[in-house]
1. Which listed residue (105, 55, 77) has the Cα farthest towards the positive end of the charge dipole for segment 53-123, taking +1 on Lys and Arg C-beta and -1 on Asp and Glu C-beta about the Cα centre?
2. Output the Kirkwood hydrodynamic radius of the chain, Cα pairs only, in Å rounded to one decimal.
3. Tell me, in nm to one decimal, what length is gained between residue 220 and residue 27 on full extension, where the rule is 0.36 nm per residue of separation less the Cα-Cα distance?
4. Got a sec? Charge dipole of segment 162-266, +1 on Cβ for Lys and Arg, -1 for Asp and Glu; which of 260, 201, 187 is way out at the positive end?
5. Would you work out what percent of the accessible area of the chain, with all protein chains in place, is carbon or sulfur (probe 1.4 Å)?
6. If one computes P(r) from the Cα atoms of segment 147-245, what percent of pairs lie at distances over 20 Å?
7. Report Rg/Rh for segment 96-212, rounded to two decimals, where Rg is the Cα radius of gyration and Rh the Kirkwood radius.
8. If you plug each phi of segment 63-77 into the Karplus form 6.51 cos²θ - 1.76 cosθ + 1.60 with θ = phi - 60°, what whole-Hz ³J(HN,Hα) values come out, in order, with x for Gly and Pro?
Amino acid sequence: MSKIQQKYFTTSEMAKTCGVTKHTLFHYDEIGLLKPDFVNEKGYRFYSFKQCYALDIINVLKKAGSSLQEIKDFFQNQNSTMFVNLIQQKQRELELERLRIQKMQYFLKGAVEMTQTAMHDLRETPMVEEYEAQYFITTRVEQCVDEQEYAIKLREHRDYSEKHLILHEFPLWSILSKERFDAENYYPNYIAYKLISPIQTEKMVTRPKGRYAVLDHIGSYESMSSTYSALKQYMNSKGLRVCTDVYEVEMLNYLTEEDPDNFIIRISVGVS
């Protein structure tokens with residue numbers, strides 16, 4: 001065996017040892033990312049043992065989201081400070097990606113749970129239930145002029161939650177002030193998402209722990225006034241007094257049902 005063969009890996013040996021393909025090594029050579037340490041007179045490539053470490057770093061940085069050009073720039077200007085800065089940057093990017101994935105997991109889990117609740121656990125007659133405190137990230141909508149204006153507010157609400165990586169559950173909520181409920185004006189003051197845990201922001205609203213009168217509305221948004229009337233009649237018959245804002249959660253809507261008559265919206269209002 002020649003000294004060259006003893007000191008260096010062939011392309012096949014390097015690929016097998018480091019868990020890459022020969023094509024990958026050829027490509028890295030072509031773009032100047034990882035050139036073989038030695039090429040003999042026949043054009044055969046040979047790699048040194050230390051280049052296994054370089055391949056490890058390349059694989060880690062690729063998995064962390066670095067482009068091949070970024071990795072090439074690092075190797076061309078390689079030093080300890082640059083290495084630490086690059087790794088710290090990738091740590092921040094991975095943490096953001098972890099939060100995005102976690103946010104999507106909560107979203108999907110909530111979507112399944114809410115849909116299953118709507119299918120099997122309806123409140124078709126009014127009742128009083130005990131609720132723990134809940135927290136919402138909100139966007140004020142007031143009395144939007146038309147559906148387009150409301151859609152813009154909804155987009156703003158989603159964009160804010162995405163930009164700030166806010167962890168929330170799937171369904172869309174609406175919050176209606178006590179004053180509007182009393183005045184039989186059922187247009188919401190806020191659209192909202194229920195938070196996984198409270199956060200520090202002026203956009204957070206707390207639904208206090210306590211007793212709530214609850215009734216599910218089945219049908220389109222336009223027909224909700226009849227469900228509100230039924231809920232009020234129940235509260236009056238039981239001598240219940242309104243003590244919080246009103247909360248609506250869309251359990252089944254246009255995402256799951258084509259026919260608006262099949263929408264389900266749970267209405268709850270704190271009572272004493």
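1. The residue sitting farthest along the positive end of the dipole is 105.
2. The Cα-based Kirkwood calculation yields 23.4 Å.
3. Working: separation 193, 0.36 × 193 = 69.48 nm, distance 5.86 nm.
63.6 nm is the gain from fully extending residue 220 to residue 27.
4. Farthest towards the positive pole: 201.
5. Details: 8290 of 16000 Å².
Carbon and sulfur atoms account for 52 percent of the accessible area of the chain.
6. Working: 2291 of 4851 pairs.
Taking all Cα-Cα pairs of segment 147-245, the fraction more than 20 Å apart is 47 percent.
7. Working: Rg = 15.4 Å, Rh = 15.8 Å.
Dividing the radius of gyration by the Kirkwood radius yields 0.97.
8. Residue by residue, segment 63-77 yields 5, 7, x, 6, 7, 4, 5, 4, 5, 4, 4, 4, 5, 6, 10 Hz.
The values are calculated or read from the model by the stated rules, or taken from the named source; none is laboratory data. None of these values were measured; they are calculated from a predicted model. For neighbour counting, all protein chains shown are included, and Cβ atoms are generated from backbone atoms with ideal geometry for every residue, glycine included. Only protein heavy atoms, including side chains, enter the accessible area calculation; ligands, DNA and RNA are left aside. Shrake-Rupley method; radii C 1.70, N 1.55, O 1.52, S 1.80 Å.
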